Structure formats: structure tokens, C-alpha cells
Amino acid sequence: MIRSMTGFASATGADAPFSWSWELRAVNGKGLDLRLRVPDWVDGLEAGLRKTLGGAAARGNVTCNLRLTREEGGSTLEINEDQLHVVLNALHQIEARAMDANVSLAPSKATDIVTMRGVLEQASHEDDGAALCKVLLADFDAVLNDFNAMRSSEGAALAEVLAGQLAEVEALTKEAAEAAALRADEMQDTLRRNLAKVMDNADGADADRVAQELALIAVKSDITEEIDRLGAHVTAARDLLAEGGPVGRKLDFLMQEFNREANTLCSKAQNTGLTRIGLALKAVIDQMREQVQNVE
């Protein structure tokens, strides 16, 4: 099955004390261009995502955003032992000097001490970036599955459209072959009449040489090869659609070949009916090429 290069997926997740949201999107591109916006302090996350996305997508401009937040509501308070030691020593010295000076001080309370600057502080957390990376990469699998499901769904729709356009090209090619067969007798009569006119008005002309030139004109106007190649291109395109996978580049190249044969057919037409068919072929091929631009 072929896949579209365009896709989108988003999801949210949490693993206390962290919560996050993913956003993964892709648009058309000639090659694979990965653009990641993730926290750089989570060691190994960007490398892991690049490896995963590189194995999942062959073409397209892919953007992956991760918004990671940390809940601080569950943080705890800790006593700074060093600062407490400093404060208690200071209080001891103050009380000793007060006694020497016969100054009476009110007893110190624990509540007074903990409110002093630096005695009680918020506990610091050292987050395990490696463990968080594993959690995030595991959570990303579901996002990637949704992303690929959307691309596969769009790819199935593209395949259906392309199959219909190939059937139209096949029908027009058959119509062109029939028109060319009908044109053959007409061209022979025209060439005979032209030959007779030339011989009547060209004294001393070499009849064999004139006949060779007219035969060369007839060969140059033959579209048998173009018809055969168009048929072969239709078969090749159907095989690629059936093969599936990242076949967008091959289909794009094939569209150029389709267009070349249609242009040649139009230039050789020399017949209004055949010209009409050639122009119709070009229109369908252009439409088909636009769809192929979306194929991975």
C-alpha cells in the first residue's frame, strides 16, 4: 500500500511529576527532512526520535514537537543543616553576651528559627533523564501509529484516484490507436495525391527520390511506438501501486515519461481527432502528476 507524505497526529501523556503533549505533522518534500523541537536536557531523546522517524518515513518534511512540563506541587521542604548550624551558633553567642550584660532574652522558638533565611528550603530534585527518555520514546509509539494510519488512509485514497486516472489514460491510448488506424488510409490517399501533384509540376524530378521523401514523412507521422510506450507506462504505474511502499520518486519519473509520449503524439497527430485525444491525454497526465506529488 502506498502512503501519503502528509499526515498529522497529537497526544498527551503523563508520568509523575511530568506531563507532556506531542504534535507530529508532515507535508510534501523531495527528500526526508526531520525537524525536532524537544527538551535538550533529556539525554538521548532527539537521537531516539530521529532513528524512529527515519525508519517510519522515507520522504516529506516532518516536524515533531514535544512540550514537557514538571509539576512542582508535590515538592517537599528540607532543613539546610549548614545554615541551621550557623544560625544556632549565632543564637548561642547572642544569648551568652546577653547573659554577660545582664540582659534577659525571651527563649527562642523553633518556629522562629525555621523562618530565618536559608534554614528551611525547597528540596531539590535531580531528574533521571535516561529513565524519562525511555518513557517518552515508548509513549511516542502510539503517536507514530496514528500518524502512519492517517498517511496510509490518505495513501489508499490517492491509489484509488491514480487507478482511475490510469484507466482513463489506457482508454484514451486505445482510442488514439483506433484513430491512428483510421487515419492510415486517409494519409495514404493524401500522400498519393501529393505525389501526383509533385510529379505533375516537377519536370525531371526523380520519382523514386520523391517517393522516398514522402515515405519518410509517413514514417515520421507514425505513432505506433508512442502508443506502445504509453501502454507500457500504464502497466509499470499499476505495478508500482501494487508494490506499495515509498514509490513516489519512481511514479514521478514515470509521469515525465507519460508526458513525453503525449507531447510526441500531439506533434505527430496531423488529424483533429487525434490531436483532441492527445490533448485529453496531456490533461489527465497533468492531473495524475499532481496526485503523485503527494505519494511518499
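Things worth noting here:
- Listed residue pairs exceeding 26 Å between alpha carbons, taken from LYS30/LYS51; LYS30/LYS268; LYS134/LYS250; LYS30/LYS134: LYS30/LYS268; LYS134/LYS250; LYS30/LYS134
- Diagonalising the gyration tensor over the Cα atoms of the range 60-119 and scaling each eigenvalue by 5 before taking the square root yields semi-axes of 50, 11, 7 Å, largest first.
- By average C-beta atoms within 10 angstrom, highest first, the peptides 277-285, 173-181: 277-285, 173-181
- Fewest-first ranking of LEU274, LEU36, using other Cβ atoms within 10 Å as the exposure measure: LEU36, LEU274
- Chymotrypsin sites (Phe, Trp or Tyr not before Pro) lying in DSSP loop within the range 1-85, provided at most 14 other Cβ fall within 10 Å: TRP41
- Neighbour cut-off at most 16 other Cβ (10 Å), DSSP loop, trypsin sites (Lys or Arg not before Pro), the range 1-93: LYS30
Since every read-out is calculated from the coordinates, none of them should be taken as a lab result. The shown structure was predicted, so the numbers you read here are calculated from the model rather than taken from an experiment. Positions of Cβ are generated from backbone atoms using ideal geometry, with glycine treated the same way; all protein chains shown enter the neighbour counts.
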